[in-house]
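See structure below.
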Amino acid sequence: MSVNIPEKYADRLVSMMQLDEDAIHFFWSPKDNVTIQLAAKFFPENVKDPLDYIRESGMVDEQSLPVFDVFCAKIESGILMGIETNSAGTDVSVKLPGSDDFVMCHLYALFLRDEDNKITDIHFNLRQYSLKEQFDRDVLTYFTSDKNPKLYSRRCANTIKANPDKNIAFIQFDVERFKLINETYGVDVGDELLQFINDSLAIVCTEEQPFCRLTADVFMIVTTFETQDDLVAFIHKMESMLCGYKNMEYRLVFGVAVVDDRTVHTRRHGDNASLARQLIKGNALENIGFYNTNMKSKLQKKQAIEDDMHKALLNGEFVMYLQPKHSIKTGKIIGAEALARWQHPTKGMISPGDFIPVFEENGFILKLDTFIWEEACARIRSWIDNGIPPVPISVNVSREYLQTYDVVEKVTDLLTKYDVPIPLLELEITESIDGTGVEDVVKRMKDAGFTMLMDDFGSGYSSLNMLKTTQFDVLKIDRSFLSEFMESARGRKIIEHTISMSQDIGLDIIAEGVETIEQAEFLSECGCDSAQGFYYSKPIPVAEFDKRLVEVNMK
Ligand code: C2E
Ligand code: MG
Ligand code: MG
């Protein structure tokens with residue numbers, strides 16, 4: 001070695017590793033901001049943070065960057081918070097000095113730690129794979145992490161056996177709506193993302209945390225843990241590292257099965273984690289589900305819905321009900337909301353609360369929504385044709401596909417097909433946690449001439465924020481907001497001011513879920529004249545609605 005190593009580091013280095021002549025070695029003391037190059041020169045003089053330098057100098061192939069960043073994040077968190085393992089490694093494609101081509105290397109870091117497990121110094125070793133090694137590596141990946149569940153199952157069993165005194169969890173996760181990623185960005189990018197997750201898991205997980213890619217976008221990790229909080233913290237940490245691929249927006253959904261009976265086959269724990277994952281899917285607030293024993297029947301229900309849905313649409317089992325909207329003052333019908341019902345041949349009427357969330361998750365909502373929009377247009381046409389003065393029908397637009405599906409075009413086509421004037425079809429969109437994307441679509445719909453209703457206002461999440469950013473025409477006060485807030489004087493004041501605030505900013509307002517005359521009168525006093533709710537009528541079949549429309553409005 002022809003380098004001058006300052007005395008204070010020399011001791012630590014000698015005991016660390018035998019210098020392999022073919023590799024590039026460097027030693028980093030993050031505390032002192034010192035990088036020492038051993039043997040071959042790789043950096044200019046005085047590089048303080050070698051990882052930072054490697055990243056910024058363009059040495060790393062763009063494809064390798066996301067995984068390289070995960071590796072850096074692991075080391076950074078080890079420096080700040082401590083680390084259990086002695087080493088970390090990753091494969092990275094880099095340009096070595098004097099070469100213009102990227103070559104596949106293994107970057108290996110050996111940690112020196114203090115008594116708190118914090119990293120004090122790191123010895124790095126960067127080594128180009130030989131052709132044979134590359135081949136071996138590919139074969140190994142093929143047979144271990146990626147494609148061989150049997151071998152993986154054995155590793156999990158070993159982990160259970162080797163840790164009789166520790167808690168063990170099977171964690172399964174997938175990329176939420178991965179299909180949509182494939183459709184939006186293309187299959188190649190989808191594949192790259194999965195490869196990134198696989199490579200990052202190799203960095204995040206230790207030897208004692210075997211992981212495996214089970215199928216397309218489903219991964220499994222087995223880990224020991226002390227408390228449930230620790231386990232959740234581990235999942236969050238993993239999530240933050242795996243969610244950084246090329247600024248793409250995606251969410252991971254985790255199912256966790258804590259091992260209670262160590263004698264059953266590992267497959268059972270895996271199945272339980274899978275069940276928990278499938279049931280937490282589509283939950284906007286949480287993405288970690290813990291397995292419990294009543295999950296099985298829930299999942300069976302969900303699967304039954306998925307088995308039947310396509311047939312149901314063909315057989316005409318979905319029907320549109322209409323719920324009238326009334327003027328509180330005049331009692332006249334001023335509009336209607338279209339609500340889907342499923343008339344199942346054997347199970348009877350299934351309510352939207354049971355099937356809409358399932359459809360939103362599996363994408364079938366697109367078909368159902370389109371069907372209801374078309375039914376609404378057809379109904380309006382029949383009123384016009386039969387000399388019944390039409391009222392606007394509002395339809396629900398599921399937020400799930402706003403970004404990828406051209407709602408404006410689809411609805412405009414339907415209006416043309418049925419020759420329905422645009423003011424007669426209104427669109428309801430639910431407020432939600434992340435307003436991302438909604439703003440833009442609402443604007444386009446408004447520009448096209450549609451009346452936009454913000455559904456379920458006050459049911460939580462970010463109502464006010466959405467009001468600020470998104471240009472709705474009408475605000476629909478949610479049933480729970482109305483009933484809960486009407487209970488106290490303070491709450492009533494809030495409703496009153498919400499109504500006057502909406503009017504101030506030029507929004508119309510309608511209250512939904514009006515169940516009593518007191519509620520209707522109170523709303524009227526506050527200046528809100530439009531109401532929808534059981535006090536007036538439940539959602540009813542269209543023929544019944546037609547009759548009522550004629551009776552109430554034409555007398
Ligand atoms: P939503 O759009 O907020 O519809 C209003 C819901 O409140 C309806 O429930 C309606 O029956 C119920 N409701 C109306 N007045 C009252 C009342 O006075 N008291 C009580 N307790 N409830 C009242 P429904 O029909 O069960 O629909 C539930 C949700 O399912 C809807 O909430 C909507 O978000 C969704 N949904 C229904 N049909 C469709 C559809 O075709 N497409 C989409 N994307 N979502 C739909
Ligand atoms: Mg609605
Ligand atoms: Mg609503």
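The values are calculated or read from the model by the stated rules, or taken from the named source; none is laboratory data. Note that the coordinates shown come from a computational prediction; the quantities given were computed from them, not determined experimentally. Note: ideal-geometry Cβ built from the backbone for every residue, glycine included; neighbour counts use all protein chains shown. Side chains included, ligands, DNA and RNA excluded: accessible areas come from the protein's heavy atoms. Shrake-Rupley method; radii C 1.70, N 1.55, O 1.52, S 1.80 Å.
When Leu402 is tested against (1) within 16 Å of ligand 2 (Cβ to nearest atom); (2) modelled with pLDDT of 95 or more, only condition (2) is not met.
Taken over segment 211-236, the criterion of being free of Cβ contacts under 8 Å to residues at least 60 places away in the same chain, farther than 11 Å from Ile171 by Cβ and in contact with a strand residue (DSSP E or B) (Cβ under 7 Å, 6 or more places away or on another chain) is satisfied by Asp217, Val218.
Which of the residues that make up segment 454-499 are away from ligand 2 (no atom under 15 Å from the Cβ), polar (S, T, N, Q), within 25 Å of Leu427 (Cβ to Cβ) and open to solvent by 40 Å² or more (accessible area, probe 1.4 Å)? Correct list: Asn465, Thr469, Gln471.
Figure legend. Inter-residue proximity from segment 416-429: first residues under 13 Å from Asp369 (Cβ atoms), second residues charged (D, E, K, R), beta-carbon distance below 8 Å, spacing 6+ or different chains. Indicated pairs: Glu428/Glu337; Glu428/Asp455; Glu428/Lys476; Ile429/Arg399; Ile429/Asp455. Of the residues making up segment 50-85, those that are open to solvent by 50 Å² or more (accessible area, probe 1.4 Å) and closer than 19 Å to Tyr108 by Cβ are Asp52, Tyr53, Arg55, Asp69, Glu76, Glu84. Within 27 Å of Gln63 (Cβ to Cβ) and open to solvent by 10 Å² or more (accessible area, probe 1.4 Å) - does that describe any residue in segment 253-272? No; the residues of segment 253-272 include none that is within 27 Å of Gln63 (Cβ to Cβ) and open to solvent by 10 Å² or more (accessible area, probe 1.4 Å). Within segment 213-230, take every residue that is more than 30 Å from Glu400 (Cβ to Cβ) and in contact with a Phe, Trp or Tyr (Cβ under 9 Å, 6 or more places away or on another chain) and give me the one that is surrounded by the most Cβ atoms within 10 Å (Cβ to Cβ). Per the stated criteria, the residue is Val222. Among the residues of segment 11-28, none qualifies, meaning not one is more than 16 Å from Leu107 (Cα to Cα) and at pLDDT 70 or above.
Within segment 386-415, residues that are within 14 Å of ligand 1 (Cβ to nearest atom) and open to solvent by less than 10 Å² (accessible area, probe 1.4 Å) sit with their Cβ atoms under 6 Å from residues that are modelled with pLDDT of 95 or more and among the small types (Gly, Ala, Ser), at 6+ positions apart or across chains, in these pairs: Ile393/Ala336; Ile393/Ala338; Ile393/Ala376; Val395/Ala338; Val395/Ala376.
Output the residue which, of all residues in segment 297-341 that are small (Gly, Ala, Ser) and surrounded by fewer than 16 Cβ atoms within 10 Å (Cβ to Cβ), is farthest from Glu360 (Cα to Cα). Going through the qualifying residues, I end up with Gly331. Screening Asp136, Asp121 for residues that are at pLDDT 85 or above and either crowded, with 16+ Cβ neighbours inside 10 Å or in a helix (DSSP H, G or I) (or both) leaves exactly one candidate, Asp121. Only one of the numbered conditions (1) open to solvent by 20 Å² or more (accessible area, probe 1.4 Å); (2) away from ligand 2 (no atom under 16 Å from the Cβ); (3) closer than 30 Å to Ala376 by Cα; (4) among the small types (Gly, Ala, Ser) is violated by Ala520, and that is (1).
For the structure I just gave you, tell me whether Asp165 is outside any helix (DSSP H, G or I), at pLDDT 90 or above and among the charged types (D, E, K, R). For Asp165, the condition - outside any helix (DSSP H, G or I), at pLDDT 90 or above and among the charged types (D, E, K, R) - is met. Return a yes/no flag: does segment 241-251 have any residue that is open to solvent by less than 20 Å² (accessible area, probe 1.4 Å), closer than 30 Å to Glu62 by Cα and not hydrophobic (A, V, I, L, M, F, W, C). Yes, because at least one residue in segment 241-251 is open to solvent by less than 20 Å² (accessible area, probe 1.4 Å), closer than 30 Å to Glu62 by Cα and not hydrophobic (A, V, I, L, M, F, W, C).
Within segment 172-186, no residue satisfies the criterion of being in contact with an Asp or Glu (Cβ under 6 Å, 6 or more places away or on another chain) and of a type in the set (Ser, Thr, Tyr).
None of Thr451, Thr516 is within 25 Å of Leu402 (Cα to Cα) and either within 16 Å of ligand 3 (Cβ to nearest atom) or not aliphatic (A, V, I, L, M) (or both) except Thr451.
The rows are residues; the columns are (1) modelled with pLDDT of 90 or more; (2) open to solvent by 60 Å² or more (accessible area, probe 1.4 Å); (3) not in a loop (DSSP other than H, G, I, E, B).
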{"site": "Gly89", "(1), (2), (3)": "no, no, yes"}
{"site": "Val94", "(1), (2), (3)": "yes, no, yes"}
{"site": "Asp100", "(1), (2), (3)": "no, yes, no"}
{"site": "Ala109", "(1), (2), (3)": "yes, no, yes"}
{"site": "Leu140", "(1), (2), (3)": "no, yes, yes"}
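In segment 185-192 there is no residue matching the filter, namely being assigned to a loop (DSSP other than H, G, I, E, B), touching a helix residue (DSSP H, G or I) at 6+ places or on another chain (Cβ under 7 Å) and open to solvent by 10 Å² or more (accessible area, probe 1.4 Å). If you check Glu306, Glu374, Glu361 for being assigned to a helix (DSSP H, G or I), more than 15 Å from ligand 2 (Cβ to nearest atom), of a type outside the set (A, V, I, L, M, F, W, C) and at pLDDT 95 or above, only one passes: Glu374. Across segment 508-530, the qualifying residues are those that are among the acidic types (Asp, Glu) and more than 12 Å from ligand 1 (Cβ to nearest atom), and the one among them that is farthest from Arg492 (Cα to Cα) is Asp508.
Val442 satisfies every condition listed in (1) in a helix (DSSP H, G or I); (2) surrounded by fewer than 21 Cβ atoms within 10 Å (Cβ to Cβ); (3) away from ligand 3 (no atom under 13 Å from the Cβ); (4) modelled with pLDDT under 90 except (2).
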